[in-house]
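Taking it in order: structure first as structure tokens, then the write-up.
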Amino acid sequence: MKRVCIAGNEFSVEVAGDGPPLLLVHGFPLNYAMWSHQIDELRSSRLVISPDLRGFGGSALGSDVVTMETYADDLAAILDQLGVVEPVAVCGFSMGGVHNVRVLEEVRVARTFVDPVRYPSLVRFAGCCSWSVGDGQAGCERGA
């Protein structure tokens, strides 16, 4: 488990394996450990990055107001701190899913316009899964 400091806040980040980067974003109220089986399987072919989001698991909440955009900014900053400069596959569950991954994609793609050499279309695929308890149906959405 790595410790990453961003703007005075400390984050716990599981980093395992080698290969094309894969960012796994946990749901509410979980932490990176929800991905432990996936991390074990994927580490042989991917650089798997699975942080505890701000205020969850081993990551500090901080004193600022936290929004979904804050979480996305944190994820982008974590990737920066880890030196990830190639396209990232992103998978999020629940709160780490559809909205958060889309915002993360906007944050990273927006940086493409600032530094096109360093950020050449960083997010290539976002896969988001959610579970609806009410009807017992799982749903997945894919984005390019």
Problem set entry | Restricting the stretch 74-112 to residues that are part of a helix (DSSP H, G or I) and modelled with pLDDT of 85 or more, the residue that is most open to solvent (accessible area, probe 1.4 Å) | Q81
Problem set entry | Lone qualifier among G136, G55 - being at pLDDT 60 or above, of a type outside the set (D, E, K, R), surrounded by fewer than 17 Cβ atoms within 10 Å (Cβ to Cβ) and at positive phi | G55
For this session: Would you check if E41 is touching a residue at least 24 places away in the same chain (Cβ under 8 Å), at negative phi and among the acidic types (D, E)?
Result: no
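The values are calculated or read from the model by the stated rules, or taken from the named source; none is laboratory data. As the structure is a computational prediction, the values presented were derived from the model and not from experiment. FYI the Cβ positions are ideal-geometry reconstructions off the backbone, even for glycines, and counts take in every protein chain you see. Each accessible area value is taken on the protein alone, full model and side chains, heavy atoms only, with ligands, DNA and RNA left out. Shrake-Rupley method; radii C 1.70, N 1.55, O 1.52, S 1.80 Å.
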